[in-house]
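To start, the structure under review is shown below, and the notes come after it.
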Amino acid sequence: MKKFIPFISRKIEDFRIYTTLIIFSIFVAVTGVLSYVEIKGEISKLGSQFRYSMSKEITFSTNEWIKTRMEKIYSFASIVSHTDFIYDEAKMFAYLRQINHNKLFFDHYQILFINAKLAFDGKEIPISKKEFDEIKIRKWYKDTIDKNTTTITVFERHELLKTEVINVCTPIYQEDEITAVFCGIIKKDKFFDKIRPQIHAFVDNAYIFDENGDVIASIKALKSQKEIKKAFLQAKKLGFSQDGFLYNSNFIGITKLQSQNWYIGVSVNEAAITSSTLQILLKNGVMLFALFICLILFSNFIHTFIRNKILKKQKEYEVILSHELKMSETGELISAISHQLKQPLNSSMLLLSNTLALKNDGEISDEELLENLELCIKSNKIMNETIENFRNFYKFNDDIKEFDLQECIKNLLGILHVQFSRYNIAIKVESFDIKIKSNESFLQQILLVLLQNSKDALSEKNSDKLISIDAKVNDEMVEIYLSDNGAGLSKAKAKTIFNKYKSSSKTNGSGIGLYLSKIIAQNKLGGDLSLYSYKLPTTFKLIIKKYMEK
């Protein structure tokens, strides 16, 4: 086996392997497509037609059911309004028991009087003023009173029934004044059973959604309403452009109810429909199945191998690009370091030479000698700090640590100070106190590319050359803005500035700076790099995670 894998690895690069794979794939594909297209077309046609017809049928049934219940509750309330039932509790309760006897239209009935009395299924239920005040602000009661019409409302939990219910309510009048609210109550879990006691076997599930995507009722219980609600709202946002949406690999056709701001959803059991076309499959079944399995196994092996190979090459390529970018900036950094070390080095040499001459002539005291030596030590510390900053920048490792963002930027600017001073470029860093946990080396590399680009943009300007750096925290991300007041970019160039092989403005530029910086920001720092403004000023926006995990 150990010899077999390297052998395949070597052979996979051979053109003959690819040729064999292509010929084999075409042969199996042509054989399978002839049967698959015929079956797929039949299933798709039957499924779509059936789903559409069932959606219309269930929608019609639901509309009629709701209309009938709303008319019926209005009829019941009218009888109460035009009789003396409202004044005679015995007659009222007897009437409620009579209409609730066979539960033909509703599971329960209740009348809530505006004087804080509640009649439920022919019995008086005592309620406190506090309970009545709470009921008055509930949607089913408030909408019925305020709109002065029959309403239908989903109620999360009925206090007496201890379950979710649907209330169909209408006002009761006495002398043109609302004196009570009459409600027919349906248990939510039985809602669909009352509308459609029997559903075709091809229907996988049917749903009633409200305008917010919540499932009011369904034939089969849902494990999670959160996922289907999310899929519904996304499709609704697009205006149900495909007349439905995809949920758990099943397409749910959507139709809006006319009487309510509700939606009917129907998903079809395509497996059941498929059984009607099995005769077509049997014609070429055995040969197609065997060839298909072989194709799957072989293609899966080849695909996995090639994919791993490509991923490995891609990672190697990105590492090479990273180092190429690093090396492309090294020359300028070394030049900056050289200029920055000259002053303290020359000062130390001059001071040591003078001290040595004075010592030989015996014209320097011990105190002056110590003072000169301390000055030399201080100068050496400055040089050591500069070299350490350069060394830390050039490590280019994957270490994630906590550091101060402003200090990180200042360390980088300390390396570039002399270089930018030669071009009379001022760099303004706004004051911010941001601690982050990230990769400082990668962050400084991106900032270096942006600073060098700004320097190139400002090199053609005669005066008032300014680079501004600011940062702020936005939730779990840190946004860094780097701007310059150069000439800016054209719209055409702004669109292609992050292309993989976009040419650099520098004569000897590698052309990968911004492209690779974007890759590093996305893959290494958990963020992104974008062009925030292409002129007046030109601003780049770098987003990174505030706290990264190791």
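The values are calculated or read from the model by the stated rules, or taken from the named source; none is laboratory data. Keep in mind that what you see is a predicted model, and the values were worked out from it rather than measured. Cβ: placed from backbone, ideal geometry, glycine included. Neighbour counts: every protein chain shown.
Here are Leu333, Leu369, Leu345: which of them is at pLDDT below 80, over 52 Å from the mean Cα position of the chain (by Cα) and at negative phi?
One residue alone meets the criteria, Leu345.
Looking only at the stretch 72-86, which residues are in a helix (DSSP H, G or I), surrounded by 13 or more Cβ atoms within 10 Å (Cβ to Cβ) and in contact with a helix residue (DSSP H, G or I) (Cβ under 8 Å, 6 or more places away or on another chain)?
Phe76, Ile79, Val80, Phe85, Ile86
Quick one: which residue in Ile127, Ile135 is assigned to a loop (DSSP other than H, G, I, E, B), among the β-branched types (Val, Ile, Thr) and free of Cβ contacts under 8 Å to residues at least 24 places away in the same chain?
Matching residue, one of Ile127, Ile135: Ile127.
Is there a residue in the stretch 50-67 that is closer than 23 Å to Asn148 by Cβ, modelled with pLDDT of 70 or more and not polar (S, T, N, Q)?
Taking every residue of the stretch 50-67 in turn, at least one turns out to be closer than 23 Å to Asn148 by Cβ, modelled with pLDDT of 70 or more and not polar (S, T, N, Q).
Quick check: is even one residue across the stretch 239-253 small (Gly, Ala, Ser), over 24 Å from the mean Cα position of the chain (by Cα) and in a strand (DSSP E or B)?
yes
Under 8 Å between Cβ atoms, which residue pairs at least 6 apart in sequence (or on different chains) link something in the stretch 70-94 that is of a type in the set (Gly, Ala, Ser) with a partner that is surrounded by fewer than 15 Cβ atoms within 10 Å (Cβ to Cβ) and at pLDDT below 85?
Taking only residues 6 or more apart or on different chains, the pairs are Ser81/Gln174.
Which condition from (1) over 18 Å from Ser61 (Cα atoms); (2) in a loop (DSSP other than H, G, I, E, B) is the one that Lys230 breaks?
Just one mismatch for Lys230, condition (2).
Listed residues Asn453, Asn474; which is out of contact with any Pro (no Cβ under 8 Å at 6 or more places or on another chain), crowded, with 21+ Cβ neighbours inside 10 Å and on the phi < 0 side of the Ramachandran plot?
The conditions single out Asn453.
Can you tell me which residue in the stretch 529-541 is farthest from Asn439 (Cα to Cα), limited to those that are in contact with a Gly (Cβ under 7 Å, 6 or more places away or on another chain) and assigned to a strand (DSSP E or B)?
Tyr534
Kindly evaluate Thr153 against the criterion of being farther than 30 Å from Leu46 by Cα, among the polar types (S, T, N, Q), outside any loop (DSSP other than H, G, I, E, B) and out of contact with any Asp or Glu (no Cβ under 6 Å at 6 or more places or on another chain).
Against the criterion (farther than 30 Å from Leu46 by Cα, among the polar types (S, T, N, Q), outside any loop (DSSP other than H, G, I, E, B) and out of contact with any Asp or Glu (no Cβ under 6 Å at 6 or more places or on another chain)), Thr153 qualifies.
Is the stretch 189-197 home to any residue that is crowded, with 19+ Cβ neighbours inside 10 Å and of a type in the set (Phe, Trp, Tyr)?
Checking the stretch 189-197: at least one residue is crowded, with 19+ Cβ neighbours inside 10 Å and of a type in the set (Phe, Trp, Tyr).
Let me spell it out: the conditions are (1) surrounded by 15 or more Cβ atoms within 10 Å (Cβ to Cβ); (2) assigned to a helix (DSSP H, G or I); (3) modelled with pLDDT of 70 or more, and Ser267 meets all of them except one. Which number is the exception?
Ser267 satisfies all of (1) surrounded by 15 or more Cβ atoms within 10 Å (Cβ to Cβ); (2) assigned to a helix (DSSP H, G or I); (3) modelled with pLDDT of 70 or more except (2).
Considering only the stretch 166-225, give the strands (runs of 3 or more DSSP E) lying wholly within it that have at least 1 residues that are under 20 Å from Tyr247 (Cβ atoms) and at pLDDT 80 or above.
Hits in the stretch 166-225: 203-209, 215-218.
Only one of (1) charged (D, E, K, R); (2) within 27 Å of Asp193 (Cα to Cα); (3) surrounded by fewer than 15 Cβ atoms within 10 Å (Cβ to Cβ); (4) touching a helix residue (DSSP H, G or I) at 6+ places or on another chain (Cβ under 7 Å) fails for Arg97. Which number is that?
Of (1) charged (D, E, K, R); (2) within 27 Å of Asp193 (Cα to Cα); (3) surrounded by fewer than 15 Cβ atoms within 10 Å (Cβ to Cβ); (4) touching a helix residue (DSSP H, G or I) at 6+ places or on another chain (Cβ under 7 Å), only one is false for Arg97: (4).
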